[in-house]
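Visitor: Have a look at this one.
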Ligand SMILES: [Zn+2]
């Protein structure tokens, strides 16, 4: 359904706004200079659920419209309001339609970052965006041919996101020689990036705890020698070191009750001794006592920028990789070859995530 703001004189009327989503929206041109140009600038029109604005000027004059959106972002320490401005294209006489409006995104996604391609280098730069559950109010300036302006404000605010669900994480951090393998800032960055990627599927990412635990002896005495699991007659079996890590985290308070366990470890190796950035323990691959440890994932620090979100999708969907470069589930070892764009999910992946009623509520 299309949102419609009727502007007459100094007044406006509004219905409601839908959430912005990212599917098929962010294929950047290679080498785009300083402005975000999209290969599919009309992406909003293609998805009825996306944040989408039509400003209708009742005078039907040859005006132009500028839209200033006040994004009332409610942060942990109180309300913070940020604003962004777009010029709307006239789609019919007196009707102005957003084409590349995006709200839940990254203002600096086009900045090339050597460490995390397509990701703003710090959280502060990404604070200007609405999050799921935020309230939004739109303010308009409409320029008349004589140079004067209408000024209009929508009559009410709208909530970003429809039918929002929540997945809860319990985060464990291993310590080696008394030192945490990852600092609190990096954990917050990983979770924030995950929140941004999951916003497109209307799933809020929450944490119920961050617990720290000492490496179990089986890992501490053999930091680069332990490995994760191995195939055994069609099922995966965890190594004792892997089970020890889960047990040590649980003893420190890591919860497995209706939440996904995310554990940072210093190294991750396959039985063939390949270093990997993350591993998802998907329920369908394990059996017996190892099932108690499933629905969880490990991340080896320092992992690449999207590893945390990527592994969470594995766990929730019980599915593997995508061959599409822009997809969050593209195999991560090739992440540096991906476009400078937010890593996103398809409609099918969205449905698979939301279908997991055990952990997505
Ligand atoms: Zn993967």
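The values are calculated or read from the model by the stated rules, or taken from the named source; none is laboratory data. Here the structure is a predicted model, which means the values were calculated and not measured. Ideal geometry is used to build each Cβ from the backbone, glycine not excepted, and the neighbour counts take in all protein chains shown.
Visitor: Just name the residue that is nearest to the ligand (Cβ to nearest atom) out of those in region 304-329 that are out of contact with any strand residue (DSSP E or B) (no Cβ under 6 Å at 6 or more places or on another chain) and within 16 Å of residue 259 (Cα to Cα).
Guide: Residue satisfying both the conditions and the ranking: 313.
Visitor: Okay, moving on. All but one of (1) in contact with a strand residue (DSSP E or B) (Cβ under 8 Å, 6 or more places away or on another chain); (2) assigned to a helix (DSSP H, G or I); (3) farther than 19 Å from residue 313 by Cβ hold for residue 208; state the number of the condition that does not hold.
Guide: For residue 208, the failing item is (2).
Visitor: Report yes if some residue within region 252-263 is at pLDDT below 90 and within 23 Å of residue 306 (Cα to Cα); otherwise report no.
Guide: To start, the set of residues in region 252-263 that are at pLDDT below 90 comprises none.
Within region 252-263 (the criterion being at pLDDT below 90 and within 23 Å of residue 306 (Cα to Cα)), the answer is no, since none of the residues qualifies.
Visitor: Also, quick follow-up: If residue 244 satisfies all but one of (1) touching a helix residue (DSSP H, G or I) at 6+ places or on another chain (Cβ under 6 Å); (2) within 16 Å of the ligand (Cβ to nearest atom), what's the number of the condition it fails?
Guide: Every condition holds for residue 244 apart from (2).
Visitor: So, in region 206-234, how many residues would count as being more than 23 Å from residue 267 (Cα to Cα) and touching a residue at least 40 places away in the same chain (Cβ under 8 Å)?
Guide: Residues in region 206-234 being more than 23 Å from residue 267 (Cα to Cα) and touching a residue at least 40 places away in the same chain (Cβ under 8 Å): 2 in total.
Visitor: Is region 217-230 home to any residue that is under 22 Å from residue 184 (Cα atoms) and in a helix (DSSP H, G or I)?
Guide: The answer is yes, given that some residue of region 217-230 is under 22 Å from residue 184 (Cα atoms) and in a helix (DSSP H, G or I).
Visitor: Something else now. Restricting the search to region 249-268, which residues are assigned to a helix (DSSP H, G or I) and in contact (Cβ under 8 Å) with a residue 40 or more places away in the chain? Full working, then the answer.
Guide: Of the residues in region 249-268, the ones assigned to a helix (DSSP H, G or I) are 249-251.
Within region 249-268, just 249 meets the criteria.
Visitor: Okay, next question. Which condition does residue 269 not pass, out of (1) within 16 Å of the ligand (Cβ to nearest atom); (2) modelled with pLDDT of 95 or more; (3) farther than 19 Å from residue 353 by Cβ, if it passes all the others?
Guide: Unmet for residue 269, out of (1) within 16 Å of the ligand (Cβ to nearest atom); (2) modelled with pLDDT of 95 or more; (3) farther than 19 Å from residue 353 by Cβ: (2).
Visitor: Which residue out of 281, 298, 308 is closer than 21 Å to residue 221 by Cβ, in the same structural domain as residue 178 (by TED's automatic domain parsing) and buried (at least 22 other Cβ atoms within 10 Å of the Cβ)? Step through it out loud before you land on a result.
Guide: Numbers: 281 fails: closer than 21 Å to residue 221 by Cβ; 308 fails: closer than 21 Å to residue 221 by Cβ.
That would be 298, the only listed residue that is closer than 21 Å to residue 221 by Cβ, in the same structural domain as residue 178 (by TED's automatic domain parsing) and buried (at least 22 other Cβ atoms within 10 Å of the Cβ).
Visitor: While we're here: Give me a count of the residues in region 272-303 that are within 11 Å of the ligand (Cβ to nearest atom) and either farther than 19 Å from residue 257 by Cα or outside any loop (DSSP other than H, G, I, E, B) (or both). Outline the logic, then answer.
Guide: Applying the first criterion (within 11 Å of the ligand (Cβ to nearest atom)) to region 272-303 yields 276-280, 282, 297.
If we keep only those that are either farther than 19 Å from residue 257 by Cα or outside any loop (DSSP other than H, G, I, E, B) (or both) as well, we get 276-280, 297.
Total meeting the criteria: 6.
Visitor: Given the structure, is residue 237 more than 20 Å from residue 307 (Cβ to Cβ) and surrounded by 14 or more Cβ atoms within 10 Å (Cβ to Cβ)?
Guide: Working: more than 20 Å from residue 307 (Cβ to Cβ): yes; surrounded by 14 or more Cβ atoms within 10 Å (Cβ to Cβ): yes.
Yes, satisfied.
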